[in-house]
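Below is one structure; the comments refer to it alone.
Nothing in this text is a laboratory measurement; each read-out follows from the coordinates by a stated rule. The structure displayed is predicted, hence computed values, not measured ones. Glycine gets a Cβ as well: all are built from the backbone with ideal geometry, and neighbour counts include every protein chain shown.
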Amino acid sequence: MERTLIIIKPDAVQRGLIGEIVARFERRGLRIVGMKLMQMDRDLAARHYAVHKGKSFYESLLDYITSAPVVVMALEGTDAVKAARGTIGATNPADAGAGSIRGDFGLEVGRNLVHGSDSVENGEKEVALFFGESGLLAWGRDVDRWIFEKP
Ligand code: IDP
Ligand code: MG
C-alpha cells in the first residue's frame, strides 16, 4: 500500500498541536505504521531537504526544522501521498484552504506546521530515511474494510 512521510514540525509541537494534527490524519483514514518523537540534526535535515539546497530559504529551513522536537509518522493508505497533501494544504498557509491543517493553523510559509511527501517515489525514500523497513509496523485495523474497498 502507498506510503507517505509526515513530519509534525517544531512550531506545531511547541504550540501543542500534535494531537490535533494526528487526529486529522487518523480521521482521514490513513493508517499509522510508524511514529516517533525526535529532534532532527542538521545532517538528517540536509538529507531530507536536499532538493532545496541552494534556494534562498534553505538555511532558514534547516534552522527551523532542527530548532525543537518533531513528530515523524509513516502513513499508509490508498493514494496516501495525495490524500495527506490535501489534508495538509498549500505550502504557503495564506494560500491553504480553510479546513486544511495549514489553512486552519498557519499564517507564514516558514512556519507551516507539517511536512508531507510530494510524490509516491519520495514517500518511499523519505519513509526509508526516517524509519528503515525494520522501524515500521505491519498491522491491520479492524475498521480497514470500512475505509478500503479492498483491504
Ligand atoms: P512543501 O512542504 O509544501 O512540500 P516545499 O516547496 O517542498 O513545500 O518547501 C519545503 C519547506 O520549505 C516548506 O514546507 C516551508 O517550510 C519551506 N519553504 C518553502 N518555500 C519557502 C519560502 O519561500 N520561504 C521560507 N520557507 C519556505
Ligand atoms: Mg516538499
In µm²/s, what is D for the chain at 10 °C and 1.306 mPa s, where D = kT/(6 pi eta Rh) by Stokes-Einstein and Rh is the Kirkwood radius from Cα pairs?
102 µm²/s
Nearest 20 debye, what's the magnitude of the dipole of the stretch 1-132 about its Cα centre given +1 on Lys and Arg Cβ and -1 on Asp and Glu Cβ?
120 debye
Positive-pole candidate from 136, 52, 122, dipole of the chain, charges at beta carbon:
136
In degrees, nearest 10, the alpha-carbon axis of helix 120-131 is tilted away from the dominant principal axis of the alpha carbons of the chain by 80 degrees
Cβ-based exposure ranking for 8, 21, 147, in which fewest neighbours within 10 Å come first:
147, 21, 8
Over the chain, relative contact order from alpha-carbon pairs under 8 Å, at least 6 apart, %:
35 percent
For the residue 111, residue 134 Cβ pair and Förster radius 22 Å, calculated FRET efficiency rounded to 0.05 is 0.10
Find the centroid of the Cα atoms in the stretch 69-120 and in the stretch 40-54, then give the distance between the two in whole Å.
18 Å
Summed residue charge, Cβ within 12 Å of residue 24's Cβ, Lys/Arg positive, Asp/Glu negative:
0
Between residue 147 and residue 95, Cβ-based FRET efficiency (R0 30 Å, step 0.05) works out to 0.55
When 52, 115 are ordered from fewest to most other Cβ atoms inside 10 Å of their Cβ, what list results?
52, 115
